[in-house]
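I have placed the structure first, in the form of structure tokens, so that the comments after it can refer back to it.
The values are calculated or read from the model by the stated rules, or taken from the named source; none is laboratory data. Fair warning: this is a prediction, and the values are worked out from it, not measured in the lab. Neighbour counts run over all protein chains shown; Cβ positions are idealised from the backbone, glycine included.
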Amino acid sequence: MAKDKKTERKSEKGLQAEKDDFSEWFTQLMLKADLADYTDVSGCIVYKPASYALWEKIRDETDKRFKKLAIQNTCFPLFIPEKYLNKEKEHVEGFSAEVAWVTEAGNTKFAERLAVRPTSETIMYPSYSKWIRSWRDLPLKYNQWNNVVRWEFSHPVPFFRGREFLWNELHTALATEKESLEEGPEVLKAYDDVCKNFLALYGLVGKKTDSEKFAGGVASWKIHYIIPTGRVLEGPCFHHDGQNFAKAYDIKFLDEQGKEQYVWQNTYAISTRMLGVMFAVHSDSKGLIIPPKMAPNKIVIVPILFEDSKEKVLKKAEEIEKELDDFGTFVDKRENYKPGFKFNEWELKGIPLRIELGPKDLANNKVVIVRRDNGKKEIVDIKNLKKEAKIILDDIQKNLYEKSKKLFESKIEKTPFLSELKKLIADKKVGIIPLCKNPECEAMIKHETGGAKAVFIAEDKLKGDEKCLICQKKADYYVYVGKTY
């Protein structure tokens, strides 16, 4: 009986696909590096301990920064009554195709359908309308770390576009538009700090066009990343909701003059999609590459064991393990596997630094250190090991970020011509083009390029004579155009 493709991918150690074959490579990486597994529910994966630990790092580092911004964590229900979901017309239209519904429990049909949250505005804001009465109740900054379900698409991609995924959703209410707009960059800065300095990812903040903004919001900004396939990944977001939801859900307060006002609102999120970006940008055909600041275990010690020196080598390896405990160091003591097998396994699983210790190394009071990012080997005195390990780990972190930045910049080209844009997209790149605000021109971009879209508005300023790439009328701005997940 023939094996199915998923079984075949798991049956052999090591990746059998090159990174150029991205879809197959990424699937094998996910399975063989023990990051996640499929379930019988399409689009819903198991986040195994290796990937969940990385998500916990994102969550914890983000949460530290949230606390400094006086943001509090909370938890609202998973289920949303249909009447709540229908209160904000643009919002419900934007999510209607994605909503999964619960209609009965046991043998009892519900009088009203319950939505499984695609996002929580509609369950949180009725409570906001009860809790906010005075300007003294503001600002209100409540955040959830939770899971959401979005079911509309036909081809889910693990870590990039799942039907169920993990994220935060931060929902703030403020007294004035000015405060609301000033808050946005502060939260985006917190997200960017984590993504840049921990995930080692270079990204650009960009405002979405009106066609691409959050359903029900006034304006949206996201941090954007580019992976080797040329696809743009939309990362952490800031949606300025104005007073749209406040009016729909009657969230009002008395200001300091005793006058009734609607609050101004923002929403924000970072999700497990960032794990997909990190895996795709940094990893190679040997397996995962995890930035040291993200890795729970930054160093693995592989002792080279022979019967006549095994005890001495293991003893020294354990001493080094204790000395390097701050780096989450561990010794691979397994005797039923050869060193080469262990080297390959820890390369596959992305441990940033490998220390090799054999009897000859021990006799010379030295070890061999191997970097996961570039494979470079160094011989280091054991007495200097802790100091040198930190220097090398810091350099790996820096190197991965610089490579991420170079990848991003290598994928960008500017053009005023549709024919050149088509070629850029076909070559797995991202174009910067002049465009007008007519949504029909924006829609035509998708049609002409086979699915690329106006991802975000560029900071490049118009000189005044640029023409829209589609209609040849006066352009309103430059936009980045690329394919996304």
Legend entry - the range 463-479 residues that are within 16 Å of THR415 (Cβ to Cβ), paired with ones that are among the acidic types (Asp, Glu) (beta carbon under 8 Å, 6 or more apart): CYS468/ASP476; ILE470/GLU448; ALA475/GLU466; TYR478/ASP460; TYR478/GLU466
Inset, instruction - Can you confirm whether the range 174-189 contains a residue that is assigned to a strand (DSSP E or B) and either surrounded by fewer than 18 Cβ atoms within 10 Å (Cβ to Cβ) or in contact (Cβ under 8 Å) with a residue 60 or more places away in the chain (or both)? - result: yes
Inset, instruction - State whether one or more residues within the range 150-158 are free of Cβ contacts under 8 Å to residues at least 40 places away in the same chain, assigned to a strand (DSSP E or B) and among the β-branched types (Val, Ile, Thr). - result: no
Legend entry - Pick from the range 111-123, criterion in contact with a strand residue (DSSP E or B) (Cβ under 6 Å, 6 or more places away or on another chain) and part of a strand (DSSP E or B), ranking: surrounded by the most Cβ atoms within 10 Å (Cβ to Cβ): ALA115
Legend entry - Residues being under 17 Å from GLY230 (Cβ atoms) and either in contact with a Gly (Cβ under 6 Å, 6 or more places away or on another chain) or in a loop (DSSP other than H, G, I, E, B) (or both) - total across the range 428-457: 8
Inset, instruction - Kindly indicate whether VAL263 is buried (at least 18 other Cβ atoms within 10 Å of the Cβ), closer than 17 Å to LYS403 by Cα, touching a residue at least 60 places away in the same chain (Cβ under 8 Å) and touching a Phe, Trp or Tyr at 6+ places or on another chain (Cβ under 7 Å). - result: no
Legend entry - Residue, surrounded by the fewest Cβ atoms within 10 Å (Cβ to Cβ), within the range 33-50, restricted to residues that are charged (D, E, K, R) and either touching a residue at least 40 places away in the same chain (Cβ under 8 Å) or farther than 17 Å from LEU15 by Cα (or both): ASP40
Inset, instruction - Please list, ordered by first then second residue, the pairs with beta carbon atoms under 9 Å, 6 or more apart or interchain, first in the range 368-395 and surrounded by 12 or more Cβ atoms within 10 Å (Cβ to Cβ), second aromatic (Phe, Trp, Tyr). - result: VAL370/PHE343; ARG372/TRP346; LYS386/PHE327; ALA389/PHE327; LYS390/PHE327; LEU393/PHE327
Inset, instruction - Considering only the range 51-106, state which residues are of a type outside the set (A, V, I, L, M, F, W, C) and not in a helix (DSSP H, G or I). - result: GLN72, ASN73, THR74, PRO77, PRO81, ASN86, LYS87, GLU88, THR103, GLU104, GLY106
Inset, instruction - Please verify whether the range 80-90 includes one or more residues that are among the charged types (D, E, K, R), within 24 Å of the chain's Cα centre (by Cα) and either surrounded by fewer than 18 Cβ atoms within 10 Å (Cβ to Cβ) or over 21 Å from GLU164 (Cβ atoms) (or both). - result: no
Legend entry - Qualifying residue in the range 256-275 (condition: within 30 Å of HIS91 (Cα to Cα) and small (Gly, Ala, Ser)): yes
Legend entry - Any chance GLU318 is surrounded by 14 or more Cβ atoms within 10 Å (Cβ to Cβ) and under 20 Å from PRO296 (Cβ atoms): yes
Legend entry - Index of the failed condition, THR108 passing every other in (1) surrounded by fewer than 19 Cβ atoms within 10 Å (Cβ to Cβ); (2) closer than 29 Å to GLY276 by Cα; (3) not acidic (Asp, Glu): (2)
Inset, instruction - Please indicate, with yes or no, whether at least one residue in the range 292-306 is touching a helix residue (DSSP H, G or I) at 6+ places or on another chain (Cβ under 8 Å), over 29 Å from LYS196 (Cα atoms) and at pLDDT below 95. - result: yes
